[in-house]
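Down below is the structure, laid out as structure tokens.
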Ligand SMILES: Nc1ncnc2c1ncn2[C@@H]1O[C@H](COP(=O)(O)OP(=O)(O)O)[C@@H](O)[C@H]1O
Ligand SMILES: [Mg+2]
């Protein structure tokens, strides 16, 4: 090995604590890039492959009942490549050993051939035989969650008939990567299942012989989705069409899409911050090393080493840091990716998600880290190369201190000499001080941003689950039932309180703008399900008017007092002009609310409802579930307490994980910045500090200079960090808000103080570690070394 | 007449520090001969180091010309000068300039790694009387020993010229004498043209020739009829 390379290794060994501190920051960037980009890639590729192989639909259409004779016309629509009619229905399931009822989504299995579109991927067993009335195939997660095997049986209430069903196969479907029941908030594999049943049996059960109520469509490559949707809606109109929609509104796909977008956003935004901080640290440390090694550089040049060799020597030193950072980053990233894969496996049902991060993502993240480090080291390395050999042999001129306004001010304040030293060096290198503060600011911001998300989510959950929805359960009916049914519900065991509510699928129009959604109708003064605004106040739809969420109003360009055209897609499918009487700010959903009695009046009908909200006596739950399975036309049951609990468990788990991750990140950044800063200070000030000691200053007083400057920088960094954190929070609110969601910008004072506490403590610890070197400072040798 | 190794023709070196122009060299014409040991004497700030740096290809002249044998150094660019240093010159500095993270042997290897025809590092250290301290780090050696490592490093490439800038400047007289002994031995044994800068007048007595500097100019050159050995020098 060449002597110069030995110097390289020994220098690195001497610097390893500093190097590792930087490498850890760098590794955060690498790991996050690896995880988010790798996961993004894996998810995107897998989804594309899955959709292609299993012919995922492009457009869907639900109707009340359309005759099969309509099919040729639908097939002939311009841009339609293939269609698949189905009969779909909902059923309350009775599963042995499970006291609560489950809900099943019934899908018809075509009689003559395998499905053309949304082809389920068989996981075990086989497809149900066309003539069987009892055999079904279910989605694999449902089977696993309930411990079903091939041959297991369960009962279903099919349109009022209790039937025994036997599982002959399990499958996964591209339509249900994210499997969530209608009206549900979270996937619940145990309580919600997809059930493929032979067409003939389904049609018989739901009175759909010769008809269908659901259509999947695949469009040709050059077709316009909007035009196809319009054509479908026109043709389906007479048959109770409920509005065709594309993938953007397909529940499963829109969830996967938003996850993918989030990963991509994360890959674009977060790692560069770490890379930038690492580059700054590298440049600071390398700058100091080159300054310290001036005479060695001069010597190497005098001996005959070329500028390039010297430049490379210092770049290589930085390269070591990069290598360590990349290695840690790859390790941590691989581990994180695995953790994330587990997370995804919980939420998404992919048949073959390749959770392996592609090799080239490793290459990219490594390259990014290397380039960043090199950029950080470039200035110092070039300075080393440019150093004139003769000048390098002379001691550097002492830095020029000029008297400035600040000095005058300091003199006025009669500060002690150590304090003056701290302040002077703070202002002497304003660029370095600013960058250090910015680096520490990012550490603060990382904690602020993470805590903000938690608070925001908590607030959303509180408003949605505790203030707006206070019912213990929601009973969903297949279609509108007379409100008198509520008397039956009240007679059920354990039901304490029952309130009717109605969901009416409708299209809201204002000129060319339109939105299809479900209008929620309730009575004024209902207690269990209420509309709560972001301000925490209860809003009520006035009779004769609509209450709209602000998001919906702005998408339709409507204000209070404007008229909105509402085309109701159920019942008599009437269109009414209604006045907007109120707006309410909400975190999610495109809410449109009306008064139940007013709507009944408009429709000239006796009171109807589609949902009953109930409160329950916990002691009678089992008796209740036993009876529910027998109520006709009950299509679903949402146990709000279960939902709340699982939502909160998930959030709590995420909160712990996220807080830990971001606090670790903040500590890494702080240590990286503060430790290196203090080491450089110590090296620059060694003589000065030794002089102070020789002059009789105590160890404590001298430590004060060193620790004081670090803490001064850390303190100045706090407001910067708070601002950065608030800015990031604001950006997250912006990035998060979509057609469906928005996030409240809640910044509680305690998240700022917590962030500051974490960073100040880490900074103090870093400075104290460096301070220990002060004790070992050999006063004589420091004064003797030439610099 | 011995062969001329270095020749300078009316060289000047001006440092422009903004407010004032400093004439570090104000017209210096000089020849150094093969095999001679020349001492450059003069007060601090008289331009000795500047001249030595220019001869060694570490610095550029402001005006005038410099030759190393037939090679005109004033024509060379940085790359050419680097090559020239690598192939022909050995330097010894006042503050030794050892790399602290390398042992004595490895410090010498820094040179032998890049020189065209070096001697083994151990042999060079043997020559300066440090054969027993090959694997010591600079921090484990005295100033005189460190300077001898620096000399070993300078001679390990078998240079034609050895340029020493105040090699004893940081040493006490006893260790300083040891260092001068080594320089004399090298000069005697290998005939290496050696230029030694000093502001210590006592040292001039060991030289073949003494060149006196004053205010960036050569004041006086004289040849020593009788030289004395370093151990006879006292200061
Ligand atoms: N890099 C420099 N910038 C400005 N002035 C310099 C520089 N190097 C040397 N000088 C000046 O040139 C003059 C000669 O310096 P030098 O050759 O080092 O003298 P000596 O080695 O004889 O003590 C001195 O006045 C010194 O201040
Ligand atoms: Mg000098």
Need the failing condition index for residue B:203 against (1) farther than 27 Å from residue B:14 by Cβ; (2) surrounded by fewer than 19 Cβ atoms within 10 Å (Cβ to Cβ), just the number. (2)
Selection from segment B:169-197 of residues that are closer than 16 Å to residue B:210 by Cβ and not in a helix (DSSP H, G or I): B:193, B:194, B:195, B:196, B:197
Only one of A:203, A:211 is crowded, with 18+ Cβ neighbours inside 10 Å and under 14 Å from residue A:62 (Cα atoms). Can you tell me which? A:211
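Determine which member of the set B:8, B:17, B:62, B:50 is within 21 Å of the chain's Cα centre (by Cα) and away from ligand 2 (no atom under 16 Å from the Cβ). Outline the logic, then answer.
Details: B:17 fails: within 21 Å of the chain's Cα centre (by Cα); B:62 fails: within 21 Å of the chain's Cα centre (by Cα); B:50 fails: away from ligand 2 (no atom under 16 Å from the Cβ).
Step by step, each of B:8, B:17, B:62, B:50 is checked, and only B:8 is within 21 Å of the chain's Cα centre (by Cα) and away from ligand 2 (no atom under 16 Å from the Cβ).
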For segment B:91-105, indicate whether the set of residues that are in contact with a strand residue (DSSP E or B) (Cβ under 8 Å, 6 or more places away or on another chain), away from ligand 2 (no atom under 16 Å from the Cβ) and not in a loop (DSSP other than H, G, I, E, B) is non-empty. no
What number of residues within segment B:148-194 satisfy the criterion of being within 16 Å of ligand 1 (Cβ to nearest atom) and more than 14 Å from chain A (Cβ to nearest Cβ)? 1
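Return yes when residue A:446 is buried (at least 18 other Cβ atoms within 10 Å of the Cβ), over 23 Å from residue A:732 (Cα atoms) and in the same structural domain as residue A:652 (by TED's automatic domain parsing) and no when it is not.
Details: buried (at least 18 other Cβ atoms within 10 Å of the Cβ): yes; over 23 Å from residue A:732 (Cα atoms): no; in the same structural domain as residue A:652 (by TED's automatic domain parsing): yes.
Criteria not met by residue A:446.
Check whether at least one residue in segment B:23-42 is within 13 Å of ligand 2 (Cβ to nearest atom), farther than 22 Å from residue A:309 by Cβ, facing another protein chain (nearest Cβ under 9 Å) and in contact (Cβ under 8 Å) with a residue 60 or more places away in the chain, and report yes or no.
Checked segment B:23-42: no residue is within 13 Å of ligand 2 (Cβ to nearest atom), farther than 22 Å from residue A:309 by Cβ, facing another protein chain (nearest Cβ under 9 Å) and in contact (Cβ under 8 Å) with a residue 60 or more places away in the chain.
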Might you check whether a residue that is under 30 Å from residue B:116 (Cα atoms), without any contact (Cβ under 8 Å) to a residue 24 or more places away in the chain and away from ligand 2 (no atom under 15 Å from the Cβ) occurs anywhere in segment B:165-188? yes
Across segment B:51-83, what is the number of residues that are more than 8 Å from chain A (Cβ to nearest Cβ) and either crowded, with 21+ Cβ neighbours inside 10 Å or in a helix (DSSP H, G or I) (or both)? 13
Condition check: in a helix (DSSP H, G or I), under 37 Å from the mean Cα position of the chain (by Cα) and touching a residue at least 12 places away in the same chain (Cβ under 8 Å). Does residue A:175 satisfy that? yes
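Is it the case that segment A:345-357 has a residue that's at pLDDT 90 or above and more than 16 Å from ligand 1 (Cβ to nearest atom)? Talk me through it step by step, then tell me what you get.
Restricting attention to segment A:345-357, the residues satisfying the condition of being at pLDDT 90 or above are none.
No: segment A:345-357 contains no residue that is at pLDDT 90 or above and more than 16 Å from ligand 1 (Cβ to nearest atom).
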Could you check residue B:141 against (1) away from ligand 2 (no atom under 16 Å from the Cβ); (2) within 13 Å of another protein chain (Cβ to nearest Cβ) and say which number it fails? (2)
Would you say residue B:127 is more than 16 Å from ligand 1 (Cβ to nearest atom), surrounded by fewer than 24 Cβ atoms within 10 Å (Cβ to Cβ), at pLDDT below 90 and more than 8 Å from every other protein chain (Cβ to nearest Cβ)? yes
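Residue-wise test of (1) surrounded by fewer than 20 Cβ atoms within 10 Å (Cβ to Cβ); (2) more than 14 Å from chain B (Cβ to nearest Cβ); (3) at pLDDT 90 or above.
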| site | (1), (2), (3) |
| --- | --- |
| A:7 | no, no, yes |
| A:14 | yes, no, no |
| A:23 | no, yes, yes |
| A:27 | no, yes, yes |
| A:40 | no, yes, no |
Quick test of your reading of the structure: residue B:39 fulfils all but one of (1) modelled with pLDDT under 90; (2) within 23 Å of residue A:393 (Cα to Cα); (3) more than 8 Å from ligand 1 (Cβ to nearest atom). Name the failing condition by number. (1)
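The values are calculated or read from the model by the stated rules, or taken from the named source; none is laboratory data. It should be emphasised that the depicted structure is a prediction, and the values quoted were computed from it without experimental measurement. Note that each Cβ is placed from the backbone with ideal geometry, even for glycine, and that neighbours are counted across all protein chains shown.
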